[in-house]
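Comments concern the structure below.
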Amino acid sequence: MSAGYDERLEPEECRRLLSSRSVARVAFQSESGDVLVLPVTYTMEEPNVLVFRTSLNGVLSHLADGGRVSIQVDDVSEDLRNGWSVLAHGHGARYEGEVSLESWVVGHDQLLIGITLDRLSGRAVSAG
């Protein structure tokens, strides 16, 4: 049996991994004060800007006003007992650029939110 590992990922590797996926979990404080964690489809439009679509009146729409947000993206193989996880933090704003991105939820394509990432961390792990 080989030895496992638990490695910290550098920000550049975190950016590369974020760019390699299209589904993330967005964590934020709702207007009622609850912490919500919701899945979104996304694209990386710039090295530090993650963009997703939502509805104009949905719970994610208030992030267009500059709300703080955390993003988690990961890839895990339960069979191989290894994987990686990236956690990014930033703030939201209305995104005005053009993106090629389809929302998985009908009607959640009216508003583009861009999350400017200001902190990245990640880990790669293997049980061996």
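Table for the structure above
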| quantity | calculated |
| --- | --- |
| Condition check for Leu60: under 17 Å from the mean Cα position of the chain (by Cα) and more than 17 Å from Leu101 (Cβ to Cβ) | no |
| Candidate set: segment 2-26, residues that are among the basic types (Lys, Arg) and not in a loop (DSSP other than H, G, I, E, B); chosen: the one surrounded by the most Cβ atoms within 10 Å (Cβ to Cβ) | Arg15 |
| Residues that are loosely packed, with under 13 Cβ neighbours inside 10 Å and more than 16 Å from Thr41 (Cα to Cα), drawn from segment 58-113 | Asp65, Gly66, Val76, Ser77, Glu78, Asp79, Leu80, Arg81, Glu96, Gly97 |
| Residue, surrounded by the most Cβ atoms within 10 Å (Cβ to Cβ), within segment 27-52, restricted to residues that are of a type in the set (Ser, Thr, Tyr) and in a strand (DSSP E or B) | Tyr42 |
| Number of the condition not met by Val40 [criteria: (1) over 30 Å from Gly128 (Cβ atoms); (2) over 10 Å from the mean Cα position of the chain (by Cα); (3) β-branched (Val, Ile, Thr)] | (2) |
| Number of the condition not met by Ser100 [criteria: (1) hydroxyl-bearing (Ser, Thr, Tyr); (2) within 30 Å of Ala3 (Cβ to Cβ); (3) assigned to a loop (DSSP other than H, G, I, E, B)] | (2) |
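Each reported figure results from applying straightforward, stated rules to the coordinates on display, with no laboratory input. Predicted, not measured: the structure shown is a model, and the values here were computed from it. All Cβ positions, glycine included, derive from the backbone under ideal geometry; neighbour counts span all protein chains shown.
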